[in-house]
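Reading through the structure tokens given below for one structure.
The values are calculated or read from the model by the stated rules, or taken from the named source; none is laboratory data. These numbers were taken from a predicted model, which means no experiment stands behind them. Glycine gets a Cβ as well: all are built from the backbone with ideal geometry, and neighbour counts include every protein chain shown.
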Amino acid sequence: MTRHQGQLKETLEVQRNLIQNIKIRLTFKGLSQKDLAEGMGISVPSVSLKMTGHTSWTLDDITRVSQFLHTPISVLLSAPSLAPTEAEQN
């Protein structure tokens with residue numbers, strides 16, 4: 001595997017982690033992708049493209065998701081967890 005392939009694999013894994021963590025937290029909070037779109041200030045189709053991996057998440061997107069879900073960015077990007085963080089419990 002080349003260095004570029006390794007970096008691409010890592011990037012895809014982070015994107016998958018992010019999407020899975022967002023789905024988990026939306027479910028915990030009883031929210032929809034429409035709610036997420038409104039909270040981020042973007043269209044529902046844009047969120048859908050991001051959630052299906054057709055469009056990459058920007059740092060600005062990730063920051064807005066973090067604020068909307070009250071979840072640290074580090075948690076959103078790490079391996080998916082079903083346990084809520086302390087910030088999410090409040």
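Per-structure values
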{"read-out": "Checklist (1) surrounded by 14 or more Cβ atoms within 10 Å (Cβ to Cβ); (2) touching a residue at least 60 places away in the same chain (Cβ under 8 Å) applied to Gln15, failing item", "value": "(2)"}
{"read-out": "Test result for Gln67, at pLDDT 95 or above, surrounded by 14 or more Cβ atoms within 10 Å (Cβ to Cβ) and of a type in the set (S, T, N, Q)", "value": "no"}
{"read-out": "Given (1) more than 21 Å from Pro80 (Cα to Cα); (2) touching a helix residue (DSSP H, G or I) at 6+ places or on another chain (Cβ under 7 Å), index of the condition Ile42 fails", "value": "(2)"}
{"read-out": "Candidates Val44, Val75 - the one that is crowded, with 17+ Cβ neighbours inside 10 Å and either out of contact with any Leu (no Cβ under 8 Å at 6 or more places or on another chain) or without any contact (Cβ under 8 Å) to a residue 24 or more places away in the chain (or both)", "value": "Val75"}
